[in-house]
Amino acid sequence: MPRPLSLFAWILVALTGAGAFALLALHQGETISAAWVLVAAFCTWVIGYRFYSRIISDRIFALDPARATPAVRFNDGHDFVPTNPWVVFGHHFAAIAGAGPLVGPILAAQFGYLPGTIWIIVGVVLAGAVQDFVILCGSLRLDGKSLGQLADEHIGPVAGWVTLLSILAILSILIAVLGMVVVNAMAESPWSTVTVGLTIPIAMLMGIWMRLIRPGRVLEASFIGVVLLFAALGAGWWVHHLPAGDALRASLTFGAETRLMPLLGAIQGRELMAWLIIIYGFIAAVLPVWLLLAPRDYLSAFVKIGTIGLLAAGIFVVLPDLHMPAVVQLATDGHKVLADAVAAGDGPVLSGKLLPFAFITIACGAISGFHALISSGTTPKLLANEGHARAIAYGGMLMEAFVAIMALIAACALTPGVYFAMNTPAAALGGTPELAAAKIATWGFTVSAEELTALAKGVGEDSILSKTGGAPTLAVGMALIFDQLTKGLGDLKAFWYHFAIMFEALFILTTVDAGTRVGRFVFQDVAGRVWKPLGDASRLWATCLGSAAVVAGWGWFLIAGIRDPNGGIRMLWPLFGIANQLLAAVALCVGTAMIIRLGKVRWAWITILPLCWLLFITETAGWQKLTDPSPKVSFVQSAAKRERDAAALEAQAAADPALAEKSAKQAKVLRQLAFNDQLDAVLCALFMLIIVVVAVDGARASFKHLGRSG
Amino acid sequence: MGRLARFWNLLRWWSGDDAYERYCAEHRGHGHALLTKREFYRDYFNRAGRKPRCC
């Protein structure tokens with residue numbers, strides 16, 4: 001294209017994007033078309049890709065297609081393999097895209113559609129994609145080394161150890177939170193439980209097929225697996241339609257009922273499901289990879305990419321209207337009670353104020369530290385040409401941001417009444433559609449009990465109330481969009497809802513499997529330095545011990561979250577966000593030190609800018625989690641309140657023998673919850689300290705280098 | 001048709017369906033014994049289990 005024409009075209013793209021942003025921000029009506037979100041996103045991303053990413057590829061790393069990559073230099077046919085760029089892109093995207101970009105935006109929708117939209121669209125260009133791309137380039141230049149090794153090389157051994165510690169911490173919180181999302185999605189839903197449960201034998205059958213019956217026939221096994229997944233949906237449907245009193249249906253409905261179990265004693269259905277996931281995580285980490293993890297990964301990757309493609313098509317065809325206010329805390333007209341609660345950090349879905357918690361809640365989709373592990377893991381060992389790095393790392397992250405935007409659209413396309421009915425914990429909402437509708441009316445949104453009941457029936461559930469965790473909300477949003485696509489085939493909302501739940505649970509469980517196994521490797525790596533046999537992966541007892549340690553780490557948080565009457569997601573998701581952003585801060589520190597060592601100090605702002613932002617939001621969020629006066633926000637205040645309540649109950653028990661047993665029991669639960677809060681507070685403080693240590697260590701290493709070179 | 005075949009080949013590569021064929025093509029004639037398909041895929045899947053999956 002001639003230069004003036006090209007310039008004109010780019011100016012037009014920029015103006016269109018700016019116009020879409022202005023419309024989104026200033027719109028006064030009740031609804032706004034999702035098309036404007038998509039226009040703002042695409043205009044910003046094409047400009048970011050075309051111009052901003054070029055600074056990294058051309059000015060900083062001077063990527064050269066003729067320079068031999070680690071995959072070419074160390075080609076061993078196993079770990080280092082020069083691979084077609086489309087194939088590398090597929091691997092990279094399948095590895096970075098998980099539940100985070102889907103769940104985070106759904107939860108952050110409580111702040112309105114605008115904060116999440118701006119953070120995802122702008123954050124990915126200036127922060128997330130920069131991190132992924134810089135770390136990939138750094139790893140390419142250092143023989144495909146990992147993030148920990150890069151930290152050790154460019155900053156020092158302290159940063160190397162801190163990175164290892166961060167990975168273990170983030171894995172524990174991440175798996176616990178994702179486990180909780182699955183429990184909340186499957187609780188009281190035999191259809192979901194049966195479908196998701198059947199994915200385990202399906203994956204094992206695929207494993208046996210690929211390993212023993214028809215070795216290496218991956219596509220054949222995947223095809224069989226996908227067909228069986230649809231059969232599993234049918235089996236779930238069959239169980240769901242059994243009479244209410246049927247024993248099979250009842251045993252597969254994990255809700256608030258109490259069950260008597262060997263070893264566990266009297267236990268609530270939801271907690272039993274959490275224990276089943278913990279046991280599953282342990283077994284999956286110990287079983288041979290080919291039997292469960294690898295085939296599940298294939299199944300999950302195919303379903304993930306297919307469903308994301310379908311959702312994109314659905315959103316482009318349907319172009320739903322967004323019903324959520326732009327910024328909830330500014331929507332005082334009729335919504336004052338809710339606006340005040342959200343502004344005070346006591347929102348019904350998430351605790352914490354818009355700034356910084358909207359930026360913590362949406363991690364993957366805008367920036368995720370975990371991606372640095374992928375960018376310095378498999379991807380640099382497969383890349384055959386440096387020139388492809390930009391499309392794979394920067395482009396891959398833009399694609400993930402698109403997934404996050406779709407999730408946000410799906411959540412905001414629901415009426416706010418339905419959104420809050422699904423995402424507010426039962427303790428705050430009341431247990432019936434009538435109570436929920438009345439509560440939501442006080443927030444200025446209209447939804448009737450009949451509407452809530454009809455929607456639940458429509459998606460094949462007994463109730464959609466308090467289905468917290470984000471996954472069921474996304475499933476309802478997706479079901480409504482897909483149902484419009486397949487209108488001609490009749491009412492398929494229930495099918496699409498359970499398909500979406502299966503899709504989410506499938507790759508969440510893959511993350512649980514893979515995360516536990518990777519956590520075990522890290523644990524054995526560290527433990528092996530203390531006592532060598534502990535690090536020996538060929539010893540079954542060492543493997544079991546390592547897996548048990550990792551499972552105990554995340555299992556503890558999972559059970560604590562399930563028992564929390566205010567909803568574990570509400571408290572734990574922000575902690576997960578802080579942990580994830582902590583790893584991102586580590587990665588950006590490494591990136592900055594790397595850029596300075598390359599002698600490109602004048603371009604170091606490209607990583608320093610997002611690093612400063614992350615330091616600000618993570619430290620502010622951590623500070624508020626420790627010092628905010630509200631027990632709804634602060635772990636410390638929450639622990640103190642629970643301790644006071646427990647003491648009051650114990651006093652009551654002492655004064656009134658008739659209430660002694662009940663009060664003592666409640667006091668014991670409260671003391672346990674207070675201990676959980678205290679532990680969360682300690683972890684939060686540790687994360688804050690780690691960020692400061694890495695930032696100071698990174699600055700020290702960079703200034704030392706500048707002093708030497710200059 | 002050419003594009004479809006290319007897509008199919010990329011899909012096989014991405015999924016690892018043709019990994020053994022590529023291994024044989026790469027290692028044949030190097031004088032060392034080749035792994036059987038079963039041995040090769042045991043190793044292939046074990047390596048797959050070491051990869052992290054993001055949130």
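Every listed requirement among (1) surrounded by 13 or more Cβ atoms within 10 Å (Cβ to Cβ); (2) of a type in the set (D, E, K, R); (3) under 16 Å from the mean Cα position of the chain (by Cα) is met by B:Glu39 save one, (1).
From the residues in the stretch A:36-70 that are more than 30 Å from the chain's Cα centre (by Cα) and of a type in the set (A, V, I, L, M, F, W, C), which one is farthest from A:Ala20 (Cα to Cα)? Per the criteria, the residue is A:Ala68. Among the residues of the stretch A:219-257, just one is surrounded by fewer than 16 Cβ atoms within 10 Å (Cβ to Cβ) and of a type in the set (S, T, N, Q), namely A:Ser251. Condition check for A:Ile55 on (1) crowded, with 24+ Cβ neighbours inside 10 Å; (2) aliphatic (A, V, I, L, M); (3) modelled with pLDDT of 95 or more: one failure, at (1).
Taking the numbered list (1) over 24 Å from A:Ile267 (Cα atoms); (2) in contact (Cβ under 8 Å) with a residue 24 or more places away in the chain; (3) aliphatic (A, V, I, L, M) in turn, A:Leu673 passes all entries but (1). Against the conditions (1) part of a helix (DSSP H, G or I); (2) of a type outside the set (Ser, Thr, Tyr); (3) touching a residue at least 60 places away in the same chain (Cβ under 8 Å), A:Arg67 satisfies every one except (1).
All of A:Ile167, A:Ile173, A:Ile208, A:Ile202 fail the test of being in a helix (DSSP H, G or I) and under 30 Å from A:Asp143 (Cβ atoms), apart from A:Ile167. Of the helices (runs of 4 or more DSSP H) entirely within the stretch A:335-375, those holding at least 1 residues that are of a type in the set (Lys, Arg) and more than 14 Å from chain B (Cβ to nearest Cβ) occupy A:336-343.
Here A:Gln131 passes the criteria (1) modelled with pLDDT under 95; (2) within 14 Å of another protein chain (Cβ to nearest Cβ) except the one numbered (1).
Might you check whether a residue that is within 14 Å of another protein chain (Cβ to nearest Cβ) and either of a type in the set (Gly, Ala, Ser) or surrounded by fewer than 24 Cβ atoms within 10 Å (Cβ to Cβ) (or both) occurs anywhere in the stretch A:560-572? Looking through the stretch A:560-572, at least one residue is within 14 Å of another protein chain (Cβ to nearest Cβ) and either of a type in the set (Gly, Ala, Ser) or surrounded by fewer than 24 Cβ atoms within 10 Å (Cβ to Cβ) (or both).
Looking only at the stretch A:467-503, residues that are within 25 Å of A:Pro243 (Cβ to Cβ), assigned to a loop (DSSP other than H, G, I, E, B) and touching a helix residue (DSSP H, G or I) at 6+ places or on another chain (Cβ under 9 Å) come to 3 in all.
For every residue, the table says whether it meets (1) at pLDDT below 95; (2) among the aromatic types (Phe, Trp, Tyr).
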residue: A:Leu5; (1), (2): yes, no
residue: A:Trp10; (1), (2): no, yes
residue: A:Leu15; (1), (2): no, no
residue: A:Thr31; (1), (2): yes, no
residue: A:Ala40; (1), (2): no, no
residue: A:Gly48; (1), (2): no, no
residue: A:Ile60; (1), (2): no, no
residue: A:Gly77; (1), (2): yes, no
residue: A:His92; (1), (2): yes, no
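Report yes if A:Ser300 is among the hydroxyl-bearing types (Ser, Thr, Tyr) and more than 29 Å from A:Ala427 (Cα to Cα), otherwise no. Judged against the criteria, A:Ser300 is a match. When the stretch B:20-39 is filtered for residues that are closer than 20 Å to A:Val289 by Cα and either at the interface with chain A (Cβ under 7 Å from one of its Cβ atoms) or β-branched (Val, Ile, Thr) (or both), the ones remaining, listed by number, are B:Tyr20, B:Thr36, B:Lys37, B:Arg38.
The values are calculated or read from the model by the stated rules, or taken from the named source; none is laboratory data. Only a predicted model underlies this, so the values are computations on that prediction, with no experimental measurement involved. Cβ sites come from the backbone with ideal geometry, for glycine too, and all protein chains shown count toward neighbours.
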